Amino acid sequence: NLAKLSLNGNRIGDAGACHISKCISSNKGLLELNLSCNNIGKIGINHLVKGLVPNYTLIELQLDWNRQVSLEKVHDILERNDARRREKFAATLSGDEAIPWNRSRIMFVGEGKVGKTATVRSLHGEPFISEWDSTIGAALSRIETCPFGWSTVPCREPTENTVKFAAQIVLKGNTDLQPHIAAETLKFSNGRNYRPVVLKKLQEASKIFTTTPGFSKSQHDTLDTRNRKVMLNGEMKEVCVEYEDEVGISKIPANINSRLFFDTKKEARKLSLSLWDFGGQEAFHAIHHILLTESGLYVLVFDMREIIHANNKEARDNLAFWLRSISIHAPGSNLIMVGTFCDSVEGAKDLERVDSNVRDLVELYSIIENTNSGLSFFPIDNKSQKGILDLRLNVEEIIRSDTAVKQPVSIKFIRFLDSLLSFREDHKYIRYSDAVHVATTIGLNTNEVDEALLLFHQRGIIVHLNATEALKSIITIEPQWLIDGIAVLIRDFNIHSYDVAEIKQSGLEDDMKNLVEKGLASRDLMEYLWHNFEFDYFLDLMQKSLLLSEWNFKQEKLYLIPSLLSNESMVKAKPNNGSIISFDFSESFLPSGFFQRLVCLCVEYSSMKSNSYELKLPTVRGNLASIDFGTYKVQVMQGENAVTAAVTPNDCGAVASTALSAMINKINNETMHGRLKWTVKLDGVPISAEDPASDEFQNDYCVDLGIFLQGLV
């Protein structure tokens, strides 16, 4: 891994130069070598020239303040190496070589106020702040690892990834740097055999930067490869190499120089990590399917003070919820658990007690244990920084061993990424069709575009949902902007409220009260809250992802956001002339936010039916909804791992079960990856969840339902 070596002032002499010559003749990694002030004469220089002939990787060799001898041959070889590296770089830019990207994502999940944000700050090396506001939606940040620790880098993704990625490919392929001509045909004169080939390839590479959408003007700045500086006897001299006019001047980005390759080699082991700190309040559970990915590392954070007692049911239920959610959204992903407030837990016995309680919960799930301590979790304290270094080391080791991180990525994908991100100057999102057009200029087909977008989504760089064609048509290239926009409406108003005086001054006090108490938002209020965002974009996204639904009853144009509603206690009772339909999710589990999406579909469908029927206004709570579908009425209730529906009149039970089954299937396929399992009973008798399109249910009502569901795709 050695990239730079300085032997300055060591009195090496000609004999030492002879030994060094033997070393550099076979070396494939060294980029810079300083042999200044070593009393090297003509004999030593000749030995170095002999060793340099088969070496195609060394770029800089400093020989100043040695004996006065000609260094022309040394300069010629360094020129050859530089030209060959540029040739390889040019070929790489226009090629399709692939290497591991060393890019991953860490997702911090858990209940509110357990220390997720404090843990993220500790990993960043930032001080502990006891009175830190809880996270709204999710907070994004980035870290890069290095041999001396972790360093915080700007959260916004850079748009010049291609150059560094190409340099990595060149360095990994140092053994391929030798040109096809034999070394002995190299001429140390103005008639260098290799130059025309190099210039031609560099000219071809320059077209990439001038024709690929997404490269900024600064990237078009060019470097004339005819100019070369070399150290000669203590003076930095510029040597002008004469090229034939018919060859022309090759221009490539100005930062393609020895420093680029040196820095790239120095950072060869660097990992780039996106950190996603998720808000833990229940209101944010509804947006998990948009943000949780199947690739990356999950860090489930919990407060050890709450889990130390086995009879703390709420704390255990919270941990179980997160374990089940991760198993649904990211089965097989890497998962570790982190226990906070370590300094408040007294001694090894308490740690063992916490470990015992945690193990009871995780035995059905695959987690990466803390083998160094013999625990199922990593105990830390963010105030004293206890356990943080150990956590860093383990996180980095887990990510480096992740097969997804080791997977080779084509440089075409990285060029495509830079092109996408360049649109951020004017846009927060782009259309899928525009992305395909950009990809075509790079040489990617549609399947490769989808593969690349999935990769960028899983690494946390963009957000691209592909559950439906409508969602697939939009690519969000500013994820934090998307999260902030959704969190404008979906939040815990008891914790994250708005300025009451400002709302009142805007004349929207009643509208805000309606939103907080009933989960109903007026268009005026939404336009006010989204004044810094794009209203139509967020309205469409939230409706297509079933986070809100239209509420069109009695000439009232509102939008329902069920995740804002609080639960109510209820009594299960069979209606006098109705049927009971039960959907039992015990085989998997009923995720938070699932019932709210079912309510969205039911309310929107009822809104559509209100054009043909005089309907009763829906009654909606967090875990209960009474909805009129015209020919029948349904009261749906959320229980523990179950959804129950009371249907009136009794003879509509079969039709209602089919309608609800179709809606549940839609939610499962579009937001839960089709991984939920359930059974259906009508009045206690098991039935199959028939699709509305099946022959048995080909009546006007179910055809109408099918058209409705297709309209939401």
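Of the residues that sit in the stretch 4-27 and are of a type in the set (Gly, Ala, Ser) and at negative phi, which one is farthest from the chain's Cα centre (by Cα)?
Keep residues of the stretch 4-27 that are of a type in the set (Gly, Ala, Ser), which gives 6, 9, 13, 15-17, 21, 25-26.
Now narrow it down to the ones that are at negative phi: 6, 15-17, 21, 25-26.
Details: Ser6: 40, Ala15: 55, Gly16: 51, Ala17: 50, Ser21: 47, Ser25: 43, Ser26: 41 Å.
By that ranking, first place goes to Ala15.
Within the stretch 23-47, which residues are surrounded by fewer than 19 Cβ atoms within 10 Å (Cβ to Cβ), in a helix (DSSP H, G or I) and in contact with an Asp or Glu (Cβ under 7 Å, 6 or more places away or on another chain)?
The answer is Ile43, and nothing else.
With respect to Leu454, is the statement that it is open to solvent by 20 Å² or more (accessible area, probe 1.4 Å), part of a loop (DSSP other than H, G, I, E, B), closer than 29 Å to Asp402 by Cα and not acidic (Asp, Glu) true? Spell out how you get there, then give the answer.
Numbers: open to solvent by 20 Å² or more (accessible area, probe 1.4 Å): yes; part of a loop (DSSP other than H, G, I, E, B): no; closer than 29 Å to Asp402 by Cα: yes; not acidic (Asp, Glu): yes.
Here the answer is no, as Leu454 does not meet what is asked.
Is there any pair linking a residue in the stretch 1-23 that is closer than 11 Å to Ile40 by Cα to one that is surrounded by 18 or more Cβ atoms within 10 Å (Cβ to Cβ) and of a type in the set (Val, Ile, Thr), with Cβ under 6 Å and at least six apart or on different chains, and which?
Ala17/Ile40
Out of Ser274, Ser295, report the one residue that is touching a residue at least 40 places away in the same chain (Cβ under 8 Å) and in contact with a helix residue (DSSP H, G or I) (Cβ under 6 Å, 6 or more places away or on another chain). Step through it out loud before you land on a result.
Numbers: Ser274 fails: in contact with a helix residue (DSSP H, G or I) (Cβ under 6 Å, 6 or more places away or on another chain).
Criteria check complete, one pass: Ser295.
Considering only residues that are at pLDDT below 90 and either within 15 Å of Asp381 (Cβ to Cβ) or among the acidic types (Asp, Glu) (or both), look in the stretch 328-347 and name the one that is least open to solvent (accessible area, probe 1.4 Å).
Restricting to residues being at pLDDT below 90 and either within 15 Å of Asp381 (Cβ to Cβ) or among the acidic types (Asp, Glu) (or both), the top hit is Val345.
Restricting to the stretch 292-323, and then to whatever is modelled with pLDDT under 90 and among the charged types (D, E, K, R), can you tell me which residue is nearest to Gly374 (Cα to Cα)?
Arg316
Those residues that are touching a Lys or Arg at 6+ places or on another chain (Cβ under 8 Å) and either more than 23 Å from Asn668 (Cβ to Cβ) or not β-branched (Val, Ile, Thr) (or both), I need them from the stretch 590-634; list them, please.
Once the filter is applied, which keeps residues that are touching a Lys or Arg at 6+ places or on another chain (Cβ under 8 Å) and either more than 23 Å from Asn668 (Cβ to Cβ) or not β-branched (Val, Ile, Thr) (or both), the stretch 590-634 yields Pro591, Leu601, Leu615, Lys616, Leu617, Ser626, Asp628, Phe629, Gly630, Lys633.
Could we say that Lys50 is open to solvent by 10 Å² or more (accessible area, probe 1.4 Å), modelled with pLDDT of 90 or more and either in a helix (DSSP H, G or I) or under 15 Å from Ser21 (Cα atoms) (or both) here?
The answer is yes for Lys50.
Being buried (at least 20 other Cβ atoms within 10 Å of the Cβ) and touching an Asp or Glu at 6+ places or on another chain (Cβ under 8 Å) is true for just one of Phe378, Phe416. Which residue is that?
Details: Phe416 fails: touching an Asp or Glu at 6+ places or on another chain (Cβ under 8 Å).
Step by step, each of Phe378, Phe416 is checked, and only Phe378 is buried (at least 20 other Cβ atoms within 10 Å of the Cβ) and touching an Asp or Glu at 6+ places or on another chain (Cβ under 8 Å).
Only one of these conditions is not met by Thr371: (1) modelled with pLDDT of 85 or more; (2) open to solvent by 20 Å² or more (accessible area, probe 1.4 Å); (3) within 19 Å of Ile106 (Cα to Cα). Which number is it?
With (1) modelled with pLDDT of 85 or more; (2) open to solvent by 20 Å² or more (accessible area, probe 1.4 Å); (3) within 19 Å of Ile106 (Cα to Cα) applied to Thr371, the lone miss is (3).
Inspect all residues belonging to the stretch 476-490 and state whether any of them is within 30 Å of Leu454 (Cα to Cα) and among the charged types (D, E, K, R).
Start the filter on the stretch 476-490 by keeping residues that are within 30 Å of Leu454 (Cα to Cα), which leaves 476-490.
In the following step, the residues that additionally are among the charged types (D, E, K, R) were identified as 478, 484.
Yes, the stretch 476-490 has at least one match.
Given the criterion open to solvent by 20 Å² or more (accessible area, probe 1.4 Å), of a type in the set (A, V, I, L, M, F, W, C) and modelled with pLDDT under 90, identify the matching residue among Leu364, Leu393, Leu389.
Of the residues listed, the single one that is open to solvent by 20 Å² or more (accessible area, probe 1.4 Å), of a type in the set (A, V, I, L, M, F, W, C) and modelled with pLDDT under 90 is Leu364.
Give the residues of the stretch 609-625 that are in a loop (DSSP other than H, G, I, E, B) and of a type in the set (S, T, N, Q), sorted by residue number. Quick ask: steps written out before the conclusion?
Residues of the stretch 609-625 in a loop (DSSP other than H, G, I, E, B): 610-618, 621-623.
If the condition is that a residue be in a loop (DSSP other than H, G, I, E, B) and of a type in the set (S, T, N, Q), then Ser610, Asn611, Ser612, Asn623 are the ones that fit.
Could you check, for the stretch 158-176, whether at least one of its residues is at pLDDT below 50, within 25 Å of Leu78 (Cα to Cα) and not acidic (Asp, Glu)?
Yes; the residues of the stretch 158-176 include at least one that is at pLDDT below 50, within 25 Å of Leu78 (Cα to Cα) and not acidic (Asp, Glu).
Please tell me if Phe108 is modelled with pLDDT of 95 or more and open to solvent by less than 10 Å² (accessible area, probe 1.4 Å).
Numbers: modelled with pLDDT of 95 or more: yes; open to solvent by less than 10 Å² (accessible area, probe 1.4 Å): yes.
For Phe108, the condition - modelled with pLDDT of 95 or more and open to solvent by less than 10 Å² (accessible area, probe 1.4 Å) - is met.
Got at least one residue in the stretch 626-641 being out of contact with any Gly (no Cβ under 8 Å at 6 or more places or on another chain) and under 16 Å from Met672 (Cα atoms)?
Within the stretch 626-641, one or more residues are out of contact with any Gly (no Cβ under 8 Å at 6 or more places or on another chain) and under 16 Å from Met672 (Cα atoms).
Can you find a residue in the stretch 68-78 that is modelled with pLDDT under 90, under 43 Å from the mean Cα position of the chain (by Cα) and farther than 14 Å from Gly29 by Cα?
Yes: the stretch 68-78 contains one or more residues that are modelled with pLDDT under 90, under 43 Å from the mean Cα position of the chain (by Cα) and farther than 14 Å from Gly29 by Cα.
For the list (1) surrounded by 15 or more Cβ atoms within 10 Å (Cβ to Cβ); (2) free of Cβ contacts under 8 Å to residues at least 24 places away in the same chain; (3) among the polar types (S, T, N, Q), I need the number of the one condition that Ser422 fails.
All conditions are met except number (2).
Mind telling me which of the residues Phe416, Phe493 ends up being at pLDDT below 95 and in contact with a helix residue (DSSP H, G or I) (Cβ under 6 Å, 6 or more places away or on another chain)? Quick ask: steps written out before the conclusion?
Numbers: Phe416 fails: at pLDDT below 95.
From the options Phe416, Phe493, the qualifying one is Phe493.
Run Ile129 past the list (1) open to solvent by 10 Å² or more (accessible area, probe 1.4 Å); (2) touching a residue at least 24 places away in the same chain (Cβ under 8 Å) and report the number of the one that doesn't hold.
(2)
Could you please let me know if Val647 is without any contact (Cβ under 8 Å) to a residue 40 or more places away in the chain, over 21 Å from Gln281 (Cα atoms) and in a strand (DSSP E or B)? First the steps, then the outcome.
Details: without any contact (Cβ under 8 Å) to a residue 40 or more places away in the chain: no; over 21 Å from Gln281 (Cα atoms): yes; in a strand (DSSP E or B): yes.
When the stated conditions are applied, Val647 does not pass them.
Using the structure shown, decide if Ile77 is part of a helix (DSSP H, G or I) and β-branched (Val, Ile, Thr).
When the stated conditions are applied, Ile77 passes them.
For the stretch 87-150, which strands (runs of 3 or more DSSP E) that fit wholly inside it have 2 or more residues that are in contact with a Lys or Arg (Cβ under 7 Å, 6 or more places away or on another chain) and of a type outside the set (A, V, I, L, M)? Working first, answer last.
On the way: elements: 98-100, 103-109, 138-146.
In the stretch 87-150, the matching strands (runs of 3 or more DSSP E) lie at 103-109, 138-146.
The values are calculated or read from the model by the stated rules, or taken from the named source; none is laboratory data. Quantities reported herein were computed from a predicted structural model and do not represent experimental measurements. Cβ coordinates were reconstructed from backbone atoms using ideal geometry, including for glycine residues, and neighbour counts include every protein chain displayed. Side chains included, ligands, DNA and RNA excluded: accessible areas come from the protein's heavy atoms. Shrake-Rupley method; radii C 1.70, N 1.55, O 1.52, S 1.80 Å.
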